[in-house]
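The values are calculated or read from the model by the stated rules, or taken from the named source; none is laboratory data. All values reported here derive from a predicted model rather than from experimental measurement. Neighbour counts are summed over all protein chains in view; Cβ atoms, including those assigned to glycine, are modelled from backbone coordinates with ideal geometry.
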């Protein structure tokens, strides 16, 4: 799918990585913010500083194995992530939806598990729902970080925002590292290779 806009500035990016989460200290280190943590880690590892811009996101640019990668953490709050995603796609001249990677928490995977997929449903994730509404497609790449299921469907929002035990937080920290590496593999070798490497790992 192609996206075209006269609003783009400078050289187009080869890859746009959007890490989902909520801004502010109240939400930091919650299950819902693991996607944003991956973007922050990528910026740190590749020596970039995330800065606030007109796209309602913290953004930074890095090079991974010769690939120009733009990093973004929408500051719109999760439910309006698509507002920022649409502006980011325009800014960075993304014309192929396969070059958009969204990193997010996933209730359908247990803590400690990371999976890569292209397209698919929304699984009740409001950030993904907003992105699909604004980009008019579900076919972007997803790096899914397991955070486990809540006791009941009605407790989903509380689950992703509530405090986490030390043991689970350690698992999520490991997942953030793994997801960071998965994005690096996507940048260097492509999505198919990332799926081969990360989707064949069995839960331990």
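The one condition from (1) touching a strand residue (DSSP E or B) at 6+ places or on another chain (Cβ under 7 Å); (2) on the phi > 0 side of the Ramachandran plot; (3) modelled with pLDDT of 95 or more that residue 93 does not meet is (1). Residue check: residue 42 meets all listed conditions (1) more than 16 Å from the chain's Cα centre (by Cα); (2) outside any strand (DSSP E or B) but one, namely (1).
Among the residues of region 84-106, write down those that are surrounded by fewer than 19 Cβ atoms within 10 Å (Cβ to Cβ) and within 15 Å of the chain's Cα centre (by Cα).
Our first condition is that a residue be surrounded by fewer than 19 Cβ atoms within 10 Å (Cβ to Cβ); within region 84-106, this holds for 90, 95-96, 98.
Within region 84-106, 98 is the sole residue that qualifies.
Of all the listed residues (200, 137, 180), the sole one being at pLDDT below 90 and either outside any helix (DSSP H, G or I) or surrounded by 20 or more Cβ atoms within 10 Å (Cβ to Cβ) (or both) is 200.
Would a scan of region 98-105 turn up a residue that is over 16 Å from residue 126 (Cβ atoms), in a helix (DSSP H, G or I) and either at pLDDT 95 or above or in contact with a helix residue (DSSP H, G or I) (Cβ under 6 Å, 6 or more places away or on another chain) (or both)? Yes, there is a match, as at least one residue in region 98-105 is over 16 Å from residue 126 (Cβ atoms), in a helix (DSSP H, G or I) and either at pLDDT 95 or above or in contact with a helix residue (DSSP H, G or I) (Cβ under 6 Å, 6 or more places away or on another chain) (or both).
Do we find a residue being within 22 Å of residue 113 (Cα to Cα), at pLDDT below 95 and surrounded by fewer than 19 Cβ atoms within 10 Å (Cβ to Cβ) anywhere in region 12-27? Yes - at least one qualifying residue is present in region 12-27. Could you check region 61-81 and list, in sequence order, the residues that are buried (at least 22 other Cβ atoms within 10 Å of the Cβ) and either touching a helix residue (DSSP H, G or I) at 6+ places or on another chain (Cβ under 7 Å) or not in a strand (DSSP E or B) (or both)? Those that are buried (at least 22 other Cβ atoms within 10 Å of the Cβ) and either touching a helix residue (DSSP H, G or I) at 6+ places or on another chain (Cβ under 7 Å) or not in a strand (DSSP E or B) (or both): 69, 71, 72, 73, 74, 78, 81. From the residues in region 163-177 that are in contact (Cβ under 8 Å) with a residue 24 or more places away in the chain and within 15 Å of residue 40 (Cβ to Cβ), which one is surrounded by the fewest Cβ atoms within 10 Å (Cβ to Cβ)? Residue satisfying both the conditions and the ranking: 177. When residue 131 is tested against (1) part of a helix (DSSP H, G or I); (2) over 16 Å from residue 35 (Cα atoms); (3) modelled with pLDDT of 95 or more, exactly one condition is not met: (2).
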